[in-house]
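Reviewing the structure listed below.
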Amino acid sequence: MEIRHLRLIKAIVEEGSITKAIDTLHLTQSALSHQLKEAEYQIGTKIFLRVNKKLILTKAGEKLYATANEILAKLSETEKEIKQMVFGEVGEIRISTECYSSYHWLPAVLKQFQLLYPNIELKIVMEATHYPLQKLLANVLDIAIVSDLVKDDNIKYEELFQDEMLMVVSEDHPWAHKKYVVAEDFVNEHLIIHSLPLETVTVHQFLLAPAKVSPKKITPLPLTEASLEMVKANMGVMSMAKWSLQPYLKNNSIRAVKIGKNGLKRKHYIATMNHKTYPEYFQHFISFLQTEINLQWNT
């Protein structure tokens, strides 16, 4: 009898039927039925009896189910121990970004990584947001995700992905049919931002500040959905990354406008300490992050 037979018996018992076991084992009904017949042929007796449309374990089946629990648990534990030996996977990674909008995509990616490395604790350090490089240097963080680079021999940068910032306006706003906006267009506008300080807001940092332009009014509003409702009501304008804006563009009451003739694009980087020795699982995490993010967000 093979491991796949033990997994089959365990799935049928715990899911309560062959039909539900199909989803757990990702097999077709014919493949599952074939494996069950194969297992019964090998041991020379029935494993299940059908009673009132339910599958009930025989005495032999009960013995096999107990054995399956024991062996599969041991096998799972052994796999974890081998991963620990190979990848040194027990530990933690403290991570933060310089922008709250990044937390729209980061948790989903972290969840995917933890499916592969369940013993690595991934901690998002929210209080380090806006100042991740300072916190990295202070050893509060292990990894910082940034777009604004600071030259420091102690910090190593690896490119993560590129995105484009767009202005979001109401369909009734004067910008709605513009090909792009420039700094001077903001003079009489109400600019809605996610949070202060203003120096960390991309459109201010790369467009408005260099042109020495200040919007008529600036309001920090940390909730994206609330900000978008204000935009829809033509009560202000806001900037969003193209990747995070896409789901909202299905609503015809808002428009996306390019920032500057050539667009306002940002590169994001993974920052780590340059001369620090990290466990091997750190590089696995960085490689995973680069692959997953580029598949989803690279523009």
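Annotations
- Unique match (being charged (D, E, K, R) and surrounded by 15 or more Cβ atoms within 10 Å (Cβ to Cβ)) among K250, K261, K242: K242
- Residue check, T45 farther than 30 Å from L289 by Cβ, at pLDDT 90 or above and not assigned by TED's automatic domain parsing to the domain that holds T291: yes
- Screening region 65-100 for residues that are in contact with a helix residue (DSSP H, G or I) (Cβ under 8 Å, 6 or more places away or on another chain) and part of a helix (DSSP H, G or I) and picking the one that is modelled with the lowest pLDDT gives F87.
- Any hit, region 203-219, residues being within 18 Å of A256 (Cβ to Cβ) and among the β-branched types (V, I, T): yes
- Out of I218, I293, I286, one residue alone is part of a strand (DSSP E or B) and either assigned by TED's automatic domain parsing to the domain that holds V181 or more than 30 Å from E158 (Cβ to Cβ) (or both). It is I218.
- Lone unmet requirement of (1) part of a loop (DSSP other than H, G, I, E, B); (2) touching a strand residue (DSSP E or B) at 6+ places or on another chain (Cβ under 7 Å) for L133: (1)
- Close pairs (6 angstrom Cβ cut-off, 6 or more residues apart or separate chains): surrounded by fewer than 17 Cβ atoms within 10 Å (Cβ to Cβ) in region 190-203, part of a loop (DSSP other than H, G, I, E, B) anywhere: S195/P222
- Qualifying position, being loosely packed, with under 14 Cβ neighbours inside 10 Å, closer than 25 Å to K267 by Cα and modelled with pLDDT of 95 or more, among A211, A183: A211
One line per residue, one yes/no per condition, for (1) closer than 21 Å to E2 by Cα; (2) loosely packed, with under 11 Cβ neighbours inside 10 Å:
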| site | (1), (2) |
| --- | --- |
| E38 | yes, no |
| I43 | yes, no |
| F48 | yes, no |
| L55 | no, no |
| E62 | yes, no |
| A68 | yes, no |
| L72 | yes, no |
| E79 | yes, yes |
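The values are calculated or read from the model by the stated rules, or taken from the named source; none is laboratory data. Source: prediction; values computed, not measured. When we count neighbours, we look across all protein chains shown, and the Cβ atoms used for this are built from the backbone with ideal geometry, even at glycine.
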